[in-house]
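Here the structure is laid out as structure tokens; the discussion comes afterwards.
No lab work stands behind these numbers, since they all come straight from the coordinates. This is a predicted model, so every value here is computed, not measured. A quick note on method: Cβ atoms are made from the backbone with ideal geometry, for glycine too, and the neighbour counts reach across all protein chains shown.
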Amino acid sequence: MAEAETMEATQYLTFKLADEIFALDIGKVREVLDFTTVTKVPRTPDFMRGVINLRGSVVPVVDLRLKFGMDATEKTVNTCVIIAEVTVDNDTTILGALADSVQEVIDLGAGDISAPPKIGTRLRTEFIRGMGRRDDRFIILLDVVKVFSADELSVVQTAGDNADAPKPQF
């Protein structure tokens, strides 16, 4: 079945982090929001920027730039939060991913996608689904499930759950 999926054209949402263009399968993206106030959750990893209120639901927000070893995302007029759905072991987590800007939705066929680069054993590239080609540029196709380990997703889920918990009254 995985082979059949790669043979069909797939739509991707492209976005920028620093000078690089990344993309997520549009089927994993729920919506794109303007950057808003993020409430910091104590004792979470640096890439976990906090949580936002999304129509009454608490949604954890991660900074993909920090996750990928870049400088933290700076708030600009183009900064946005991509709301994505991540399912691991039949457990679905909704999370927000900070991006410098969203570009466009593109169609990539199997002929437009190359396998992820093999860069030796020191650099982890298992979260790269493939390298898309569009005109003269490469687009890094992310596998959103593999961007986060199960442990990291557990931290993200816990942050959202803790933000939902009633606050003690003193």
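Straight Cα distances below 19 angstrom link K28 to the lysines K16, K67, K146, with same-chain residues fewer than 8 positions distant left out. Computed from backbone phi, the HN-Hα couplings of the range 110-116 come to 4, x, 9, 10, 9, 5, x Hz, rounded to whole numbers (Karplus: 6.51 cos²θ - 1.76 cosθ + 1.60, θ = phi - 60°; Gly and Pro given as x). Computed from backbone phi, the HN-Hα couplings of the range 61-74 come to 10, 10, 9, 5, 4, 5, 4, 9, x, 9, 5, 4, 5, 9 Hz, rounded to whole numbers (Karplus: 6.51 cos²θ - 1.76 cosθ + 1.60, θ = phi - 60°; Gly and Pro given as x).
Packing, taken as the mean count of other beta carbons within 10 Å per residue, orders the peptides 93-106, 65-78 from highest to lowest as 93-106, 65-78. Each other residue within a Cβ distance under 12 Å of L17 adds +1 if Lys or Arg and -1 if Asp or Glu, for a net charge of -3.
Across the alpha-carbon set of the range 1-93, the Rg to Rh ratio works out to 0.99, Rh being the Kirkwood radius.
Placing dummy labels 7 Å off each Cα toward the beta-carbon, the span from T39 to N78 is 3.1 nm.
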